[in-house]
Number of protein chains: 4
Amino acid sequence: MPDPFRWRMRVRFSDTDASGRIHYLAMFRYMEAAEDEFLRSLGVAYAEIEAAQGVSFPRVHVEAQFVSALRYDEAVDVEVSVERVGETAFTLYFDASASGTAVARGRMTVVCISVATERPVSLPAMLADALLAEMDVERRSRAARA
Amino acid sequence: MPDPFRWRMRVRFSDTDASGRIHYLAMFRYMEAAEDEFLRSLGVAYAEIEAAQGVSFPRVHVEAQFVSALRYDEAVDVEVSVERVGETAFTLYFDASASGTAVARGRMTVVCISVATERPVSLPAMLADALLAEMDVERRSRAARA
Amino acid sequence: MPDPFRWRMRVRFSDTDASGRIHYLAMFRYMEAAEDEFLRSLGVAYAEIEAAQGVSFPRVHVEAQFVSALRYDEAVDVEVSVERVGETAFTLYFDASASGTAVARGRMTVVCISVATERPVSLPAMLADALLAEMDVERRSRAARA
Amino acid sequence: MPDPFRWRMRVRFSDTDASGRIHYLAMFRYMEAAEDEFLRSLGVAYAEIEAAQGVSFPRVHVEAQFVSALRYDEAVDVEVSVERVGETAFTLYFDASASGTAVARGRMTVVCISVATERPVSLPAMLADALLAEMDVERRSRAARA
């Protein structure tokens, strides 16, 4: 069974704040970097879809819980999984940890809009298919581990 | 009855992304600026409390919904209100609009931790009192408007 | 004689880093906010020019010297002046201080490019005229103070 | 002869602005990421030195020239080299390219200060030695290529 997709980054000095720990805005940037690489691993890079189909992928809902702190230069692993795939939007789930300790969990709902009309449009079939297939793999993988 | 606290900012070019609209990370920065000024308006600036009491105020939960887009140089008004005051944490609610149109809503749960132990500690009395008094004012204000 | 244009901001928590002081990237954001407001004060807001003329204003050179530190919640004043106006580019100079103490100095060279061709084009006459007039005012103002 | 140190990153969506291209602030973040990894490759990670010696490394001068644009999802390589090593400060030089095309060049002067006094102090010997040795390697490498 495949492991969940995981992307590793390091806390840079500009990602910290005067508390001596990471500022949470940096964690959202790590999640977005992991999201880009996750989609690329599924063969559906945003940049290519956007150029080919005249669509854009703004976030309509973003949330995160921060459970423990990170410091400058620590390595952080962000796991990405697909939580929901709808007609015009989908939701990704993020699980960030450092040396195996949970540091943050998050969720982003991404909508597909037409650049021309700025209205939601159906997810490109290639993207929807890849997300649904991945959701299925993840479901089986969790079942096998249970 | 007083209006809710409101803080105005402008979308800077570095706050936008290649979609031509604001990137949501900037909206979180606007909310935090509004939060600073809201607390100052209540007489309880974080910077002073932190220095005086050896505490820090990390966010443990952050969420936002983005309902319409902002573009470069638009003015945005962020209203702040108190949603909940607990023993060691409190939750603020944010309502951002531009020319009266809703653009985003958000919520941040802020915990008070000791800098020395990095553990949650009781909210400084001065801060808890100010937040509870403000919550009461907001409640009466909503009742009067209803 | 008029004072130089000056724009006040506050150091937000997300502008600091683990040294306890401002991270210099935030200072560049302050300079850009001051730049927007400076141009607006001259009647030549970028947003309007860009929309009307199909041009964009990327930076080709940026530099800054950081002479003393700022901490969370300090107020900072950024003065902007015009250093040079060329055919397709101009250079602004920034002088940031807090309570009268110098904190940073910077310089940005901004080029006007056509959005269609991505090549440098002549500065819009309205912008060039406003910058040259302002440069003249600043020169006389310095002479009067000398 | 060894190649210069090179660190690869990708342009994330939050690194772009409404011009459709990278915002230059992101380029400074890439340079700092490359700087961290460059020093680690020399065996002198900032995070360890800071913790061990009670020092901090603020930038006193930063500059960059932006020679061509980057777009979302492009890969960018940042080369780092040592330009100068002084008693309390040193200067790094950055050369960023994408698919072999120059995109930016920059320079940062980093000073070593005592966290306790906030005054410049001598560079830790281990760091100064590593930087001087690297400068020597780079010099010979350039000579061999010439």
The protein assembly as shown, dipole about Cα centre (Lys/Arg Cβ +1, Asp/Glu Cβ -1), debye to the nearest 20 | 0
How big is the gap, in Å, between the Cα center of the stretch C:28-61 and the Cα center of the stretch A:70-145?
-> 37
Could you tell me whether the stretch A:63-146 comes out rounded, prolate or oblate from its Cα gyration tensor? Rule is a ≥ b ≥ c as square roots of the eigenvalues, rounded for a/c under 1.5, then prolate if a/b exceeds b/c, otherwise oblate.
-> oblate
Would you work out the relative contact order for chain C, in percent, from Cα pairs under 8 angstrom that are 6 or more residues apart?
-> 27
Taking the label point as lying 7 angstrom from Cα along the Cα-to-Cβ axis, what are the distances from B:GLY54 to the corresponding position in the remaining copies, in ascending order and in nanometres?
-> 1.9, 6.4, 6.5
Env charge @ C:SER99, Cβ radius under 11 Å, K,R +1 / D,E -1, value -2
Report the closest approach of any chain C C-beta to the axis of the C-to-D rotation: residue and distance, in whole angstrom.
-> C:GLU63, 2
Once both labels are modelled 7 Å past Cα along the beta-carbon direction, what's the D:ALA125-B:ARG145 spacing in nm?
-> 6.8
Would you mind classifying chain D by shape? Square roots of the alpha carbon gyration tensor eigenvalues, ordered a ≥ b ≥ c; an a/c under 1.5 is rounded, otherwise it is prolate if a/b is larger than b/c and oblate if not.
-> oblate
Percent accessible area from carbon and sulfur atoms, the protein assembly as shown, protein chains only, probe 1.4 Å = 51
Local net charge near A:VAL137, Cβ-Cβ under 13 Å (Lys/Arg +1, Asp/Glu -1) | -1
Taking R0 as 30 Å, what's the FRET efficiency between C:THR101 and D:SER41 from their Cβ-Cβ distance, rounded to 0.05?
-> 0.20
Under 5 Å, built H, 5+ apart or other chain: amide partners of C:ASP73 = C:VAL11, C:ARG12
Electrostatic dipole magnitude of the stretch C:80-146 [Cβ: Lys, Arg +1; Asp, Glu -1; Cα centre; debye, to 20] | 260
Residues other than C:MET108 with Cβ under 10 Å of its Cβ, Lys/Arg counted +1 and Asp/Glu -1, net out at -2
Unit charges on C-beta of K, R, D, E only; dipole of chain B, Debye | 360
From the label point of A:ALA143, set 7 Å along Cα to the beta carbon, how far off in nm is each other copy's matching point, shortest first?
-> 5.5, 6.8, 8.5
Which one of C:ILE22, C:GLN53, C:GLY43 has its Cα pushed farthest toward the positive end of the charge dipole of the stretch C:22-146, where Lys and Arg give +1 and Asp and Glu give -1 at the Cβ?
-> C:ILE22
Could you pull out the GluC sites (Glu not before Pro) across the stretch C:59-113 that fall in loop regions by DSSP (anything but H, G, I, E, B) with no more than 11 other Cβ atoms inside 10 Å?
-> C:GLU87
What are the label-to-label distances in nm, one decimal and shortest first, from C:MET126 to the same spot in the other copies, with labels 7 Å along Cα to Cβ?
-> 4.2, 5.0, 6.0
Using a/c under 1.5 as the rounded threshold, could you call the protein assembly as shown rounded, prolate or oblate? The axes a ≥ b ≥ c are square roots of the C-alpha gyration tensor eigenvalues, and prolate needs a/b larger than b/c, oblate otherwise.
-> rounded
Over the whole of B:60-70, what's the average partner chain Cβ count within 10 Å per residue? Rounded to a whole number, please.
-> 5
Residue among C:LEU127, C:ALA98, C:ALA143 farthest towards the positive dipole end of the stretch C:75-146, charges placed on Cβ | C:ALA143
Per residue accessible area in Å² of chain C, where ligands, DNA and RNA are left out and the probe is 1.4 Å | 43
Calculated from DSSP H runs of 4 or more alone, at -39500 (n - 2.57) each and per residue, what is the 222 nm mean residue ellipticity of chain C, nearest 500?
-> -10500 deg cm²/dmol
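The values are calculated or read from the model by the stated rules, or taken from the named source; none is laboratory data. Bear in mind that the values here come from a model prediction, so they are computed numbers and not experimental data. A quick note on method: Cβ atoms are made from the backbone with ideal geometry, for glycine too, and the neighbour counts reach across all protein chains shown. Ligands, DNA and RNA are excluded from the accessible area calculation, which covers all protein heavy atoms including side chains. Shrake-Rupley method; radii C 1.70, N 1.55, O 1.52, S 1.80 Å.
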